[in-house]
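Participant: Here it is, the structure, as structure tokens.
Values quoted throughout were computed directly from the atomic coordinates according to the rules given, and no laboratory measurement underlies them. A quick note: this is a predicted structure, and the numbers were derived from the prediction, not measured. Virtual Cβ from ideal backbone geometry, glycine too; neighbours counted across all protein chains shown.
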Amino acid sequence: MMMRHILWAAVAATALTACGGDSSDSPAPAPTPTPTPSPSPLPVSGDRIEPLDTALFPRSAQVKSEQAATRHVPAGTPMARVQLGPLAVVKSAVVSQEKGAAFKIGEGRDVSATASASDLAALLNWSATADGGLVAAVSFVTDGAQAVRLGVLANNIPAGTVLRFYGAEGDEVVEMSAAQLADLRRVNEQGGVTGDAARLVWGPDTSGEVSTLEVQLPPGVDPAALQLAVPRLSHLATTAEQTWTQKSVESIGNSASCHQDVMCRPDLEAESRSVAKMLYTSSADGRSYMCTGTLLNDAKGSRTPNFVTATHCISDQATASSLITYWFFRAAACNSTPQYDPSMTRLTGGSQLLFANAMIDTTLVRLNTQPPARVMYAGSYFGAGVLPGLDVTGIHNPMGDLQKYSLGQVTGYAICSGDSCNAADVNTGLRLQVTWQLGSTQQGSSGSAIFAQSGSSRYVIGTLWGGNASCSGGGADYYGRFNKAYDAGVKNWLQ
Amino acid sequence: MKHYRFFWPLLLGLALAATACSSPNAPGAGSDPAGPTQVGSGQPPQDKCDAAAAQFLVGQTYVPAMLAQALTAAGADQARMLNVGSMTTLEFMMGRVNVVTGKDGRVARVHCG
């Protein structure tokens with residue numbers, strides 16, 4: 001059995017003795033064994049945050065706050081329809097049919113009929129709601145689209161207002177509140193986006209060639225106070241869901257043969273539920289990538305969806321906004337690939353960038369959508385007790401495949417710049433060097449966490465940058481040290 | 001272009017300690033001094049990569065022109081050359097085909113990511 005119960009204190013003492021460590025570089029006191037995590041929020045115990053497993057909650061409390069949104073415009077209410085007709089020119093870059101595969105994506109279309117707030121206001125036919133408010137909707141038709149995404153310019157959205165987006169009958173209804181819109185605007189402005197670009201919000205993909213925007217005002221709000229326009233929409237040849245889901249399923253079974261199915265290790269089941277496969281589009285090059293990330297608990301056990309990954313995966317707000325995560329992307333049972341866990345859940349909505357540090361290669365984002373029921377918010381260790389010899393477990397999605405695990409040891413510290421790393425000591429090293437005894441990593445594993453065990457719990461201690469480890473054996477990987485990231489700013493979001 | 005170097009001469013004074021203790025070794029040492037090279041399609045991203053169609057390169061002595069061959073065969077957005085054992089970040093780029101060369105200078109593997 002490679003996985004050993006770790007007594008960090010003993011490891012630290014052994015390593016220091018062997019290496020002649022003195023008091024000047026002695027680590028902080030090593031963590032002591034802790035009891036099995038309970039479902040109640042746990043405070044910081046000095047140098048770590050305990051995991052929070054929502055699977056241990058009563059079923060009704062497993063999801064923080066999710067209720068299916070519904071349409072509110074009364075049936076039969078006259079609704080304006082903005083007709084854009086078919087796309088005049090299908091650019092070669094929009095749809096590729098090479099080898100019979102249709103990949104993507106979309107073409108932006110200007111919508112002159114609703115380009116300004118006064119244009120849109122003229123099309124809204126308000127109806128009273130049961131609570132005394134008002135609701136109205138307008139539909140947009142772009143012939144031949146498989147899906148539509150509306151670009152909404154939110155110049156002034158009164159408090160309590162709700163926007164709803166939906167497509168064909170039976171399509172999911174997605175809501176955005178005035179508060180969420182304000183948050184997005186704030187995030188954009190903090191990210192350096194200004195003017196209309198900061199106030200332009202792209203709604204979700206809605207299926208079919210007709211997309212409807214519904215606006216509900218709270219009681220007492222004059223519709224004239226609403227300053228909302230739809231100056232642009234995206235005509236999608238293939239929905240993002242179709243494209244990404246297809247790619248995700250295609251990835252199953254693609255990883256190298258040395259990787260170990262996480263479902264063959266029942267003792268890793270809980271940590272497995274904190275790990276998500278990531279898909280995102282880089283704002284730097286417009287290309288699509290896969291990485292791995294881990295949901296982190298905070299000191300209050302608030303179930304805020306803080307999610308840690310690598311900075312070379314996500315380093316700016318525009319990229320963070322494109323994030324899609326796949327939860328429980330793992331085999332249905334031990335070595336059942338390609339059959340995957342029926343609980344697999346795709347989460348859209350993007351994320352807010354909270355922290356990014358390229359030197360440590362650690363990024364923290366907050367997901368804009370609450371993760372599914374039964375996820376675990378992983379514990380984290382931010383003390384200085386991670387020393388060479390410590391056993392670690394990695395959980396990741398190599399090549400976008402179903403979750404795998406790797407077992408190895410911390411073998412040193414490093415400082416890395418660009419793609420070069422140099423050995424460092426425990427105080428100056430920003431990365432952990434890890435070598436594997438079982439399994440390895442591959443493209444797609446970037447950003448994944450390594451866990452170290454203390455007592456019966458495991459804690460995130462690093463996030464993967466890369467290295468030269470492979471299934472052929474030898475080599476090493478380098479992980480951003482979580483304690484360094486914590487001290488550099490992550491603590492501001494987890495305390 | 002990625003360039004991996006470890007400045008072990010600078011760490012000579014620490015060599016004994018590094019041997020006695022567990023400290024980073026030199027991954028990437030021996031990799032191509034020129035580092036990986038890459039070519040792009042010059043087209044908007046299609047996020048496609050069919051590595052199976054570029055497997056004919058495996059076993060051949062690597063020459064830079066193979067990147068363009070791999071790019072075309074795989075229908076990818078970008079082709080990248082990596083040396084076996086070279087250090088690299090581990091994000092998976094959907095439209096990228098990687099041509100991995102062995103120590104003997106031959107193409108050892110072609111894969112997406």
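Participant: Enumerate the amide H contacts of A:S457 below 5 Å, restricted to partners 5 or more residues apart or on another chain; note that Pro and chain-start residues carry no placed amide H.
Facilitator: A:T34
Participant: Also: Tell me which residues come under 5 Å, amide H to amide H, from A:F382 once H is placed; ignore anything under 5 positions away on its chain.
Facilitator: Those lying under 5 Å, H to H, from A:F382 are A:R48, A:I49.
Participant: Which of the aspartates and glutamates could be linked to A:K484 by a straight reach, that is with a Cα gap under 17 Å, when you skip same-chain ones fewer than 8 residues away?
Facilitator: Counting by Cα, and skipping residues close in sequence, A:K484 has these aspartates and glutamates nearby: A:D25, A:D47, A:D298, A:D361, A:D425.
Participant: What does the structure give for A:287-300 when I average, per residue, the other chain Cβ atoms found within 10 Å of the residue Cβ? Intermediate results must be reported in sequence, preceding the final value.
Facilitator: Values: counts 11, 8, 8, 5, 4, 3, 0, 0, 0, 0, 0, 0, 0, 0.
That average works out to 3.
Participant: Could you give me the ³J(HN,Hα) list for the stretch B:68-76, computed from phi with Karplus coefficients 6.51, -1.76, 1.60 and θ = phi - 60°, whole Hz, x at Gly and Pro?
Facilitator: 5, 5, 5, 4, 5, 4, 7, x, 8
Participant: A further question follows. Provide the per-residue ³J(HN,Hα) series for the stretch A:311-321, in order, calculated from phi with Karplus coefficients 6.51, -1.76, 1.60 and θ = phi - 60°, each as a whole number of Hz, with x at glycine and proline positions.
Facilitator: Listing the rounded values in order: 5, 6, 8, 10, 10, 9, 5, 4, 5, 4, 5 Hz.
Participant: Ok, one more. Give the calculated FRET efficiency between B:F56 and A:N335 to the nearest 0.05, with a Förster radius of 30 Å applied to their Cβ-Cβ distance.
Facilitator: 0.40
Participant: Alpha carbon centre of the stretch A:163-184 versus the stretch A:270-303: separation in Å?
Facilitator: 23
Participant: Here's a follow-up. Expected output is a single nm value to one decimal: the length gained when fully extending between A:A122 and A:W493, i.e. 0.36 nm times separation in residues minus the C-alpha distance. What is it? All intermediate terms of the calculation are to be shown ahead of the outcome.
Facilitator: On the way: separation 371, 0.36 × 371 = 133.56 nm, distance 4.34 nm.
Roughly 129.2 nm would be gained on extension.
Participant: Setting aside same-chain residues fewer than 8 positions from B:K103, which aspartates and glutamates have a Cα under 18 Å from its Cα?
Facilitator: Of all the aspartates and glutamates, those that pass the test against B:K103 - Cα under 18 Å, at least 8 places apart if same chain - are B:D32.
Participant: To check you understand DSSP bridge types, tell me what percent of the beta bridges within the stretch A:245-494 (both residues inside) are antiparallel, rounded to 5. Write out the running numbers ahead of the final one.
Facilitator: Details: 65 of 68 bridges.
Just about 95 percent of them are antiparallel.
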